[in-house]
Each structure stands twice: as structure tokens, then as C-alpha cells.
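Here the structure is laid out as C-alpha cells; the discussion comes afterwards.
Values in this text are rule-based calculations from the coordinates and carry no lab data. What you see is a predicted model, and the numbers here were worked out from it, not measured in a lab. Cβ placement follows ideal geometry from the backbone for every residue including glycine, while neighbour counts extend to all protein chains displayed.
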Amino acid sequence: MVLNTEAKRNGFAAFGRKVIKNRYLLLMMLPGTIYLLVNNYLPMFGTVIAFKSIDYSKGILHSPWVGFTNFKFLFKTSDAWTITRNTILYNALFITITPVIAVTFAILLNEVRNRFAARYYQSVMFLPYFLSAVVVGYLGYSMLSTEFGFINTHVLEPLGFDAVAWYSEPKYWPFILPIVYIWKNIGYSTVIYLAAVIGIDNEYYEAALMDGASKWRQAISITLPQIRPIIIILMLLAVGHILNADFGLFYQVPLDAGVLYPTTNVIDTYVYRALITLGDIGMSSAAGLYQSAVGFVLVLGVNLIVRKINKENALF
């Protein structure tokens with residue numbers, strides 16, 4: 001007992017010395033820690049809403065518990081299969097094609113030796129990322145409008161084709177939405193991968209050049225293996241959001257056209273419309289908790305698989 005007490009005292013003393021030694025670093029970390037607690041952890045208290053029937057006169061704490069009743073909304077609806085299918089397939093497509101295109105552009109930009117040209121290309125690619133979904137939706141309308149859209153009036157009709165009613169044909173939107181998503185987000189992903197490519201030691205490329213390796217061989221044998229950990233980490237994080245769709249993309253770009261719901265309706269837009277109609281925040285909170293829980297499990301599962309293959313590429 002005496003030995004345990006003495007060991008505890010020594011442990012507290014050692015911990016205190018470390019705190020004093022690193023007091024300035026801990027002080028610098030304090031604002032970020034406070035922000036993380038206030039912005040990310042305190043709001044988790046709101047998850048209780050998913051298990052309650054909210055009565056505004058009683059408040060959150062005193063509203064009656066309803067168990068998993070709110071979760072039944074997502075699974076008993078007739079559109080459950082459609083919204084789940086659309087959400088997973090679209091996100092799986094985005095997770096797959098985004099790294100391929102972004103890495104390709106990053107490698108190409110890294111080969112641009114003129115600094116002004118390189119910055120210009122980066123800025124042009126990055127600009128759409130800052131546009132709001134509302135602006136993107138109206139830009140899309142200016143392209144796809146049946147009467148005044150650029151594609152109909154300046155591409156199809158001059159070639160002798162009939163105008164297409166894009167907002168009345170669901171079959172076109174599994175192609176339109178990925179194109180809009182890539183156009184809007186590829187600049188952001190490219191900058192991340194470009195930073196990783198720039199960080200590769202030039203000695204690898206000089207040695208490969210001396211061996212007569214072409215640019216293609218350098219990209220395959222040096223660039224891709226060096227940035228593979230970044231690609232895997234970003235894809236792991238993206239998998240965690242596979243049930244969280246880009247609300248602005250699926251709501252604003254199709255202009256909330258009801259006829260397009262079979263190919264544009266996802267979990268987020270469905271819950272939003274139901275919330276507007278029913279005003280049930282318990283249901284919407286349940287949907288958000290369900291998405292987060294599934295994403296958390298997926299990240300753990302995929303990370304475990306990656307860890308089995310190569311520990312160095314795993315998140316933890």
C-alpha cells in the first residue's frame with residue numbers, strides 16, 4: 001500500500017514537471033482545445049433529441065422518451081431503398097473518381113515550370129470550390145434550361161438535335177451530378193495532392209532521370225508510391241461520410257424538381273423535406289445520428305483492413 005502511494009506521488013510529480021516544462025506549448029494548444037470542446041463535443045448532448053418526442057413547452061430534458069421510434073422513419077418509408085441507394089452509389093462514385101482526377105491534375109500542375117502559369121491554373125481550378133450551391137444551381141440552369149440553356153441553344157440545336165428537357169428527365173442526372181461535383185470540388189482535392197507531390201524529394205526524380213525513366217514511369221514508380229499514404233487517409237475519411245450527401249449538390253442543382261427524385265433524392269434531402277413538412281426535429285436528429293454512427297463504424301472497419309495490409313498507411 002505504501003509502495004503504491006509512493007508510486008502515485010512520483011507519477012504526479014513527473015506529470016507536473018512535464019506540464020511546467022511544456023507550459024508554453026500547452027498554452028498555445030489551449031485555444032484549439034477549447035474550440036474543439038465547444039464546437040464538436042458539447043453539441044453531442046443534442047443526440048438525446050433522436051430518442052425523444054420533442055415538446056417545446058417542456059424542453060429537451062423533460063420531453064418524453066420514445067426509444068428508437070424516430071429511427072423507424074428512415075426504414076419504413078417507401079423511399080427508403082431509393083434514398084439509401086442513391087446516397088451510397090453517388091458517394092462511392094465520388095470517393096473513387098475524385099482521387100484519380102485530382103492526383104492526375106496534381107502531377108500535371110507539378111510539371112508546369114512557369115510560376116505565374118502554375119498559380120493561374122491552381123486559382124482557376126480552385127475558384128468553383130468557393131461558389132455557393134445556390135450559385136452553382138443557377139449556373140447549371142443557365143446551361144441546361146430547355147429554352148435558353150447554352151447546351152440546347154448553342155450545341156444541340158445547331159447540330160440538328162432536338163432540345164432536351166434536362167429537368168424533366170431523371171435518366172440524365174446520374175451523369176450531370178458527378179460532373180458538377182467534380183467541377184466544383186476537384187480544385188480543393190488537387191491542391192492537397194499537389195502539396196504532397198511538391199514535398200517529394202527531387203533526388204528520386206534525378207536518379208530516375210539518370211536511369212532514363214520517362215515522365216510516365218516517374219509518376220508510376222515514384223510519385224504515386226510516395227503520396228499513397230495521403231490518398232489512403234483521405235479516402236478513409238471520405239468513407240466515413242458515405243451516408244452524408246452534399247446537400248447543396250442534390251437539392252440546389254436539380255432545383256428541387258420532383259420528377260427528378262428517383263435519381264437525385266438522397267437521405268439528406270429527404271430528411272430536409274420531411275422536416276419542412278412535418279417539423280419533427282427528433283426524426284431529423286435520428287437521421288443525423290444514424291449517418292454518423294454508420295460512418296464511424298465504416299471508418300473503423302476500413303482502417304482495420306488497411307492496418308492488416310500495411311500499418312504505416314492506417315489512420316491509427
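Estimate the FRET efficiency between Ala257 and Ile198 by the formula 1/(1 + (r/R0)^6), using the beta-carbon distance for r and 45 Å for R0, to the nearest 0.05.
Plugging the Cβ-Cβ distance into 1/(1 + (r/R0)^6) gives 0.55.
Over the Cα atoms of the range 246-316, Rg to Rh with Kirkwood Rh, two decimal places?
That ratio equals 1.17.
Relative contact order for the range 158-316: what is it in percent, counting Cα pairs under 8 Å that are at least 6 residues apart?
Reported as a whole number, the value is 30 percent.
For the range 1-119, just the Cα atoms, rotate onto the principal axes and tell me the three extents in Å, largest first.
Computed over the range 1-119, the largest-to-smallest principal extents equal 65, 64, 32 Å.
Which distance in Å, rounded to a whole number, links the C-alpha centroids of the range 90-118 and the range 158-233?
Each part's Cα centre sits 3 Å from the other's.
So what's the range 96-146 giving for Rg/Rh, alpha carbon basis, Kirkwood Rh from the mean inverse pair distance?
1.11
Can you give the helix-only mean residue ellipticity at 222 nm for the chain, where every DSSP H stretch with n ≥ 4 adds -39500 (n - 2.57) and the sum goes over all residues, rounded to the nearest 500 deg cm²/dmol?
About -20500 deg cm²/dmol.
Can you work out the base-10 log of I(q)/I(0) for the chain at q = 0.07, 0.10, 0.13, 0.14 1/Å, using the Debye formula on its C-alpha atoms alone?
Calculated log10 I(q)/I(0) at the listed q: -0.45, -0.85, -1.19, -1.26.
Evaluated at 4 °C with a viscosity of 1.567 mPa s, what Stokes-Einstein diffusion coefficient in µm²/s does the range 168-240 have when Rh comes from the Kirkwood expression over alpha-carbon pairs?
Roughly 88 µm²/s, to the nearest whole number.
So for the range 241-316, averaging the separation of alpha carbon pairs under 8 Å that are six or more residues apart and normalising by length, what relative contact order in percent results?
Relative contact order for the range 241-316 comes out at 28 percent.
When the chain is fully extended, how far beyond the present Cα-Cα distance does Ile276 get from Gln226, taking 0.36 nm per residue of separation?
13.2 nm
Computed over the Cα atoms of the range 168-316, what is the convex hull's projected area averaged over all directions, in nm²?
With every direction weighted equally, the projected area is 12.0 nm².
Quick check: residue separation of Ser292 and Thr104 times 0.36 nm, minus the Cα distance between them. What number comes out in nm?
64.6 nm
For Ser168 and Lys308, calculate 0.36 nm times their separation in residues minus their Cα-Cα distance, and state this gained length in nm to one decimal.
Computed gain between Ser168 and Lys308 is 45.6 nm.
Under 10 Å, Cα contacts only: if you run a Gaussian network model on the chain, which one of Lys18, Lys184, Lys52 comes out with the highest mean-square fluctuation?
With Cα springs under 10 Å in the chain, the top fluctuation among Lys18, Lys184, Lys52 is at Lys18.
Evaluate Rg over Rh across the range 75-122, taking Cα atoms for both radii and Kirkwood's formula for Rh.
For the range 75-122, the value is 1.38.
Which residues' amide hydrogens lie under 5 Å from the amide hydrogen of Lys52, considering only partners 5 or more residues apart or on another chain, with H built in the peptide plane?
Close amide H contacts, sequence-distant or interchain: Val66.
Could you tell me the relative contact order of the chain? Use alpha-carbon pairs under 8 Å, at least six residues apart, and round to a whole percent.
Normalised by residue count, the contact order of the chain is 25 percent.
If I require 20 Å or longer along the helix axis, counting alpha carbons, and a Kyte-Doolittle average no lower than -0.5, what helices from the chain are left? Use full DSSP H segments.
Within the chain the helices that satisfy the rule are 2-21, 80-110, 173-198, 224-239, 281-309.
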